[in-house]
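One structure is given below, encoded as structure tokens.
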Amino acid sequence: MAQPHHTEALLRTEDALTVLFCLIDDAYALINPRADGYGAIKRLSDSEVLTLALLQQLRGVESERSFLRDAQRFFSHLFPGVVGLHPSSLHRRVRSLRRFLEPLRRAILGELVGDPETLIVDSTLLAVLHPRQISQSAGFEGAAWVRWGPFAVYGVKLHLLCSTNRIPLSYELTSANVADALLVRELVAGAGLGESDLSRRLLGDLAYRGRGLAAELAQSGILLATEKADRRPPIRQQVEVCFAHLKRVFGMDGTLAKTLVGLATRIAAKVAAYTYGCYINRMLDRPQGRIKELWA
């Protein structure tokens, strides 16, 4: 017999999952209005697949096989189509729908961040293969070696622009050896801040100094402020907290991806899941950053 506190936790998760599905289903209907053309022959609708993709990340399960086993056990009454679904089928459906993950995230982004005055930019390294695997294979497309302190890392780099409440505004994935300053223009453009009279401040470390970047951003009304580690304002740490959540709770630095497309799909799902987790916590009057305990 299930313990009372386990049943209560599962009911909270089911309530949050229902909210998540409704949010995704409503947004997806606007993004892709023709999606239901072949709905009658699909085991799971596109909205259900996208919801399951985010649920997998919210529960911190990297393996599709393990996730489907849990989904069949606990959530088959909400998603009957998961019963008997093969992991490869879910994997193919998620990959085919990966282009909708970021538009779905942006559907709720405005309500989370509003029109931010202060932006924070940073990057983090993500190792993709163990050194032994690199020597035994052709490597990983899009990855590169880079020095990181006393170590050398083979992987990719995630460049992130976020607001002061730790919500990602935009992000880009590059080889690990790409300079941080080269991605700032794309990150600012991808944030979709639009034209406004608001003077914005962009906080970054010394890696973003030079290359005429500050003068170029100033023309767009953005003041670039770069400081050494011991002189950074405390608000600058919010992007590091965001990275910590993505790595610790969502396992961003421990994916099972074997290809660049697979890695990009998982990262898009993790960032979207993190954003929706914060949004649902806010809707349920919960602390924004306490995501794990609601979905575990």
*Solvent-accessible ranking of Lys42, Lys270, largest area first, probe 1.4 Å*: Lys42, Lys270
*How large is the accessible surface per residue of the chain, computed with a 1.4 Å probe and reported in Å² as a whole number?*
50
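Give me the percent of accessible area attributable to carbon and sulfur for the chain, probe 1.4 angstrom.
Carbon and sulfur atoms account for 53 percent of the accessible area of the chain.
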*As a check on your grasp of the helix formula, calculate [θ] at 222 nm for the chain: sum -39500 (n - 2.57) over DSSP H runs of n ≥ 4, divide by the residue count, round to the nearest 500.*
-14000 deg cm²/dmol
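The values are calculated or read from the model by the stated rules, or taken from the named source; none is laboratory data. Only a predicted model underlies this, so the values are computations on that prediction, with no experimental measurement involved. Remember, those area values only see protein heavy atoms, side chains included, never the ligands or the DNA or RNA. Shrake-Rupley method; radii C 1.70, N 1.55, O 1.52, S 1.80 Å.
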